[in-house]
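The values are calculated or read from the model by the stated rules, or taken from the named source; none is laboratory data. What you are looking at is a predicted structure, and each value in this text was computed from that prediction instead of being measured. We place every Cβ from the backbone using ideal geometry, glycine too, and count neighbours over all the protein chains shown. Remember, those area values only see protein heavy atoms, side chains included, never the ligands or the DNA or RNA. Shrake-Rupley method; radii C 1.70, N 1.55, O 1.52, S 1.80 Å.
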Amino acid sequence: MQGREQWATKLGFILAAVGSAVGLGNIWRFSYVLGEGGGFAFLIAYIICIFLIGLPVLLAEITVGRKGQSDAIGSFEKIAPGKWWKIGGVLGVLSGSLILSFYGVIAGWVFYYVFSYLSGSAGGVAEGGYGDYFGGFIGGTVGPVFWQVLFMAIVVGVVFFGVKKGIELANRMFMPLLALLVVILAIYGLTLDGAGEAMDFMFSPEFGKLGDMDVWGMAIGQAFFTLSLGMGAMITYASYLPKETKLPSAAGTVVTLDTLFAIFAGLMIFPIVFTFGLDPAAGPELIFITLPEAFGQWGTGGTIFGIFFFFLVGIAALSSAISLLEVGVSWAMRRLDWSRKKAALTAGAIITAFGIPSALSQGGPLSQPIFGFSFLDLIDTITDQYTLALGGMITALFVGWGWNKIEVLRETGLQDTTIGAIWIWFLRIVAPVGIFYIVANNFYNMFIASEESMSYLIIQMINYFL
């Protein structure tokens with residue numbers, strides 16, 4: 001049997017891991033949840049969740065992957081054979097595949113905008129017309145599927161060529177370019193008239209909303225989404241690491257760079273939003289309707305900015321999607337004894353096919369709601385609010401309780417250190433309790449407190465007759 005592939009260098013792993021973390025979650029998703037969460041209050045909650053829950057769980061996933069030297073499920077099976085802990089890996093493979101199915105759809109929208117700005121069609125939309133422009137595109141039948149398939153074909157092509165020649169090589173090109181673009185665009189954004197308002201929105205102390213559990217729910221969901229936690233991606237990527245790699249420094253670097261990128265993305269986007277008097281809480285359409293409206297009012301400069309902006313978002317989406325596909329590919333190579341090429345083509349085709357209903361659910365022929373959600377939003381909600389968090393919680397509990405403490409600390413190089421003891425304590429108590437509370441709150445809001453839920457109606461009927 002051929003030996004397991006490895007990264008050429010530690011830098012290759014870090015760039016790939018940062019590439020996995022830095023994606024649509026940092027630009028498209030972070031910006032709109034920051035707006036919906038009230039700006040600074042959400043930012044504070046997000047940073048707390050990142051460092052108290054995200055970083056410990058990330059290090060736990062990396063440790064499992066490097067020790068197991070296998071895919072997300074296989075690593076748990078190797079470390080704890082015959083135990084139920086592999087459910088954490090199963091949830092990772094499931095979550096990664098489900099997320100990629102709709103992630104490819106949204107990334108396809110980004111690619112469409114890059115093409116539209118380059119061709120001039122996006123720049124020629126009349127003021128106030130971007131809602132219809134975007135709605136007309138995503139409500140179509142052929143367009144959304146075509147761009148989804150094109151994006152996924154590129155992702156499959158990269159994974160097809162393996163760890164060193166595909167994934168690592170791609171991220172060595174993508175990540176420096178991505179960093180350069182986001183810094184340049186953020187600096188330019190801070191020269192706009194709305195920069196002061198944007199800075200106030202993002203950084204002025206406003207602690208009132210920190211008592212809102214919905215803000216914390218969004219924060220922990222964003223932390224898991226942006227760090228690729230619970231998706232099996234970090235376990236899979238870490239399984240390609242050699243034994244001499246220092247894991248804590250690698251995890252810390254990934255978290256730091258990912259958080260900085262998210263903040264720079266906010267500095268890039270919100271000055272534009274406030275300069276043109278737009279709504280920072282515009283929701284998911286922030287980068288597809290709100291920002292293009294601003295670019296349109298900007299004239300030629302807006303068209304140029306739009307090209308670079310959507311190109312940046314497209315690169316970020318590619319780097320993350322590559323890691324998500326690798327999760328399923330790595331599992332199929334081990335479990336089904338497939339070659340990498342066969343696994344990449346087959347997994348890519350299946351995930352793309354499953355994503356087509358998401359592509360056609362935004363005004364297209366499959367727009368009929370399911371439990372009040374479009375198909376895309378339903379898959380997003382299931383993964384964001386439940387499977388990601390539960391997968392991460394199982395990993396935290398496994399490393400904290402199910403794996404020998406001495407062996408865990410030896411694997412990370414944290415034996416006989418205060419940091420190691422604190423990390424284990426966080427994995428045993430803080431992270432699981434925090435994750436469980438947020439998942440329970442999400443469940444309550446969706447199935448009990450919601451006025452559309454059956455439970456709510458039954459409770460109201462009981463209260464009425466009593």
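Scan the range 100-108 and give yes if some residue there is open to solvent by 40 Å² or more (accessible area, probe 1.4 Å), closer than 23 Å to residue 321 by Cα and not aliphatic (A, V, I, L, M), otherwise no. No: zero hits. Among residues of the range 331-347 that are on the phi < 0 side of the Ramachandran plot and touching a residue at least 40 places away in the same chain (Cβ under 8 Å), those with a beta-carbon under 7 Å from a residue that is surrounded by fewer than 20 Cβ atoms within 10 Å (Cβ to Cβ) and outside any helix (DSSP H, G or I) at least six positions away or on a different chain give the pairs 340/162. The condition of being buried (at least 17 other Cβ atoms within 10 Å of the Cβ) and among the small types (Gly, Ala, Ser) holds for only one of 421, 389, that being 389. Exactly one residue out of 45, 60, 41 is modelled with pLDDT of 90 or more, aliphatic (A, V, I, L, M) and over 18 Å from residue 163 (Cβ atoms): that is 60.
Residues are listed down the side, and each one gets a yes or a no for (1) at pLDDT 95 or above; (2) of a type in the set (Asp, Glu); (3) under 12 Å from residue 358 (Cβ atoms):
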| position | (1), (2), (3) |
| --- | --- |
| 97 | yes, no, no |
| 102 | yes, no, yes |
| 108 | yes, no, yes |
| 122 | no, no, no |
| 132 | no, yes, no |
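Looking across the range 416-444, the residues that are touching a helix residue (DSSP H, G or I) at 6+ places or on another chain (Cβ under 8 Å), closer than 19 Å to residue 46 by Cβ and not aromatic (Phe, Trp, Tyr) come down to 430, 431, 434, 435, 438, 439, 441, 442. Given the condition touching an Asp or Glu at 6+ places or on another chain (Cβ under 7 Å), open to solvent by 10 Å² or more (accessible area, probe 1.4 Å) and more than 21 Å from residue 320 (Cβ to Cβ), answer yes or no: does some residue in the range 58-78 qualify? Yes, the range 58-78 contains a residue that is touching an Asp or Glu at 6+ places or on another chain (Cβ under 7 Å), open to solvent by 10 Å² or more (accessible area, probe 1.4 Å) and more than 21 Å from residue 320 (Cβ to Cβ).
Residues in the range 171-198 that are touching a Ser or Thr at 6+ places or on another chain (Cβ under 9 Å) and either small (Gly, Ala, Ser) or at positive phi (or both): 4 in all. Does the range 4-21 contain at least one residue that is out of contact with any Gly (no Cβ under 6 Å at 6 or more places or on another chain), at pLDDT below 85, surrounded by 24 or more Cβ atoms within 10 Å (Cβ to Cβ) and in a loop (DSSP other than H, G, I, E, B)? Checked the range 4-21: no residue is out of contact with any Gly (no Cβ under 6 Å at 6 or more places or on another chain), at pLDDT below 85, surrounded by 24 or more Cβ atoms within 10 Å (Cβ to Cβ) and in a loop (DSSP other than H, G, I, E, B). Among the residues of the range 172-195, which ones are assigned to a helix (DSSP H, G or I) and either free of Cβ contacts under 8 Å to residues at least 24 places away in the same chain or exposed (fewer than 15 other Cβ atoms within 10 Å of the Cβ) (or both)? Across the range 172-195, the qualifying residues are 173, 176, 177, 180, 184, 187. Highlighted here are the helices (runs of 4 or more DSSP H) found entirely within the range 279-372 that include at least 2 residues which are at pLDDT 90 or above and surrounded by fewer than 23 Cβ atoms within 10 Å (Cβ to Cβ): 300-335, 340-359. For the range 127-171, the set of residues classified as open to solvent by less than 60 Å² (accessible area, probe 1.4 Å), in a helix (DSSP H, G or I) and over 27 Å from residue 360 (Cβ atoms) consists of 163, 166, 167, 168, 170, 171, listed by residue number.
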